[in-house]
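The structure under discussion appears below in the form of structure tokens.
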2 protein chains.
Amino acid sequence: MTNEHHTPAGAALTGLVLEIFRLNGRLLAEGDRLMAGTGLTSARWQVMGAIHFASKPQTVSWLARNMGLTRQAVQRVVNDLEGEGLVAFQENPAHRRAQLVTLTQKGQAAYAGADQRQVPWANDLAEGFDAAELEQALELLRGIRDRLEAVRG
Amino acid sequence: MTNEHHTPAGAALTGLVLEIFRLNGRLLAEGDRLMAGTGLTSARWQVMGAIHFASKPQTVSWLARNMGLTRQAVQRVVNDLEGEGLVAFQENPAHRRAQLVTLTQKGQAAYAGADQRQVPWANDLAEGFDAAELEQALELLRGIRDRLEAVRG
DNA sequence: TCCTAATTGACAACATACTGTCAATACTCA
DNA sequence: TGAGTATTGACAGTATGTTGTCAATTAGGA
């Protein structure tokens, strides 16, 4: 596997990787545009989503692992959100330092408002695409990520 | 299209978007790890790749459009690369301010070295995946990006 | 119990990308 | 030709993510 040329799959994967970089940028820009005026951004929406979808209040470290980001990145966003009253910290009986993060009422309202924008946006953008094909692509990307994470943490 | 719930395709697309965010982070980290010791990073490798694959020397603005980034982001990276002697500016007969960017010999060597690492990495990661399936996913992502760019610049 | 290792939050430094603004330059068309 | 528009690079400010380091805390094994 140390040839100097890409295999067909290697070439396709490289193209896919470059497309992911481009699409990522586009999607972040689109998300920021979509959330303009709500006080939220793509990054904040994602963090609040992770809090929202957790079955119970979780620590920053847990959220970071769940999102595939570093503790520090999530911590900074969470601290910002806390400063704006969108999330709050709860005492964690299991760990004195690692507090649990929850959405405040204001945070829940903001997240619901964001969702009201995201749902029609996603439905519109998905119009014309085949759901099964989207699912298939999602599975493929998951497989790639699993493989990346299997090699090294 | 302003329902309060996702359509099947809308839900699949939303999952795909979140997976793209995660995979993007993973891939950037992997790229930085892969290039460790070469003096390059994922971002620099991408910019140098855009210069390398252009049929002729291009301006920073052209490169930015080609990569789906802002002028300013690419400009900063290019300036850094120029500071390290990896790229050089050429006079542009067609535009006094907008100079053309080229890889120096040192830059070409660095890019070739990076490629020697990227090729086996991509081939290894692609092992076990179907090239046609990877191509199909790539086409789908391109379609989504086209649609995003069609709506607004 | 006690030593060691892993986890966690805090802090600092940095890389990468964004927006906004400005002046210089190029382009278009009346 | 000349006025208005678009593009471009430069600069500043900000958001988001990284790595590295440190101390506090927790967990696990001898």
Take every Cα pair under 8 Å in the stretch B:8-146 that's 6+ residues apart, average their separations, divide by the length, and report that relative contact order as a whole percent.
20
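Please compute the Kirkwood hydrodynamic radius over the stretch B:96-153, one decimal place, Å, based on all pairs of different Cα atoms. Let's see the in-between values first.
Working: mean 1/r = 0.0663 Å⁻¹.
Roughly 15.1 Å, rounded to one decimal.
Using a probe radius of 1.4 Å on heavy atoms only, what accessible surface per residue do you get for chain A? Whole Å² is fine. Display every interim value, and only then the final one.
Values: 8170 Å² over 153 residues.
Per-residue value: 53 Å².
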Taking each label point as 7 Å beyond Cα in the direction of the beta carbon, state the distances from B:Gly113 to the same residue in the other copies, shortest first, in nm.
5.2
Could you look at the stretch A:9-145 and say what percent of its accessible area is carbon and sulfur, using a 1.4 Å probe and all protein chains?
49
Nearest-0.05 FRET efficiency for B:Arg147 and B:Arg76, computed from C-beta distance (R0 22 Å):
0.15
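Stokes-Einstein diffusion coefficient for the protein assembly as shown at 37 °C in a medium of 0.692 mPa s, Rh from the Kirkwood formula over Cα pairs: what value in µm²/s? Numbers along the way, then the final one.
On the way: Rh = 21.2 Å.
D, rounded to a whole number, is 155 µm²/s.
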Label position 7 Å from Cα toward Cβ: report the copy-to-copy distances for B:Gly143 in nm, one decimal, ordered from shortest.
1.8
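In Å², nearest 100, what accessible area do chains B and A bury in total when the solvent probe is 1.4 Å? Mind dumping the intermediate values first?
On the way: alone 11420 and 11410 Å², together 16350 Å².
Summed over both sides, the interface buries about 6500 Å².
With r as the distance between the Cβ atoms of A:Gln116 and A:Gln90 and R0 = 35 Å, compute the FRET efficiency 1/(1 + (r/R0)^6) and round to 0.05. Show your work: numbers first, answer last.
On the way: r = 27 Å, r/R0 = 0.77.
After rounding, the FRET efficiency stands at 0.80.
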Trypsin sites (Lys or Arg not before Pro), loop per DSSP, at most 11 other Cβ atoms within 10 Å - longest free stretch of chain B:
B:1-95
For the protein assembly as shown, what is the mean residue ellipticity at 222 nm derived from helices alone (per DSSP H run of n ≥ 4: -39500 (n - 2.57); sum divided by total residues; nearest 500 deg cm²/dmol)?
-22500 deg cm²/dmol
How large is the charge dipole for the stretch A:9-145, taken about the Cα centre, if only the Cβ atoms of Lys, Arg (+1) and Asp, Glu (-1) carry charge, to the nearest 20 debye?
720
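Give the calculated FRET efficiency between B:Ala109 and A:Asn66 to the nearest 0.05, with a Förster radius of 51 Å applied to their Cβ-Cβ distance. Don't skip to the end; give the middle numbers.
Working: r = 41 Å, r/R0 = 0.81.
About 0.80, to the nearest 0.05.
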Once the dipole of chain B is set up from charges on Cβ (+1 Lys and Arg, -1 Asp and Glu), the residue from the list B:Ala114, B:Gly39, B:Gln99 lying farthest towards its positive end is B:Gln99
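Within 12 Å, Cβ to Cβ, of B:Ala64, how many net charges do the neighbouring residues add up to if Lys/Arg are +1 and Asp/Glu are -1?
Values: positive: A:Arg22, B:Arg65, B:Arg71, B:Arg76; negative: none.
So the environment of B:Ala64 carries a net charge of +4.
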Expressed as a fraction of 2.2 N^0.38 Å, the rule-of-thumb size for a compact globular protein of N residues, what is the C-alpha radius of gyration of the stretch A:9-145?
1.19
Taking DSSP loops as anything outside H, G, I, E and B, show the longest stretch in chain B free of GluC sites (Glu not before Pro) there with at most 16 other beta carbons within 10 Å.
B:5-83
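The values are calculated or read from the model by the stated rules, or taken from the named source; none is laboratory data. Please read all numbers here as calculations on a predicted model, not as lab measurements. Glycine gets a Cβ as well: all are built from the backbone with ideal geometry, and neighbour counts include every protein chain shown. SASA here: full protein model, heavy atoms, side chains in, ligands and nucleic acids out. Shrake-Rupley method; radii C 1.70, N 1.55, O 1.52, S 1.80 Å.
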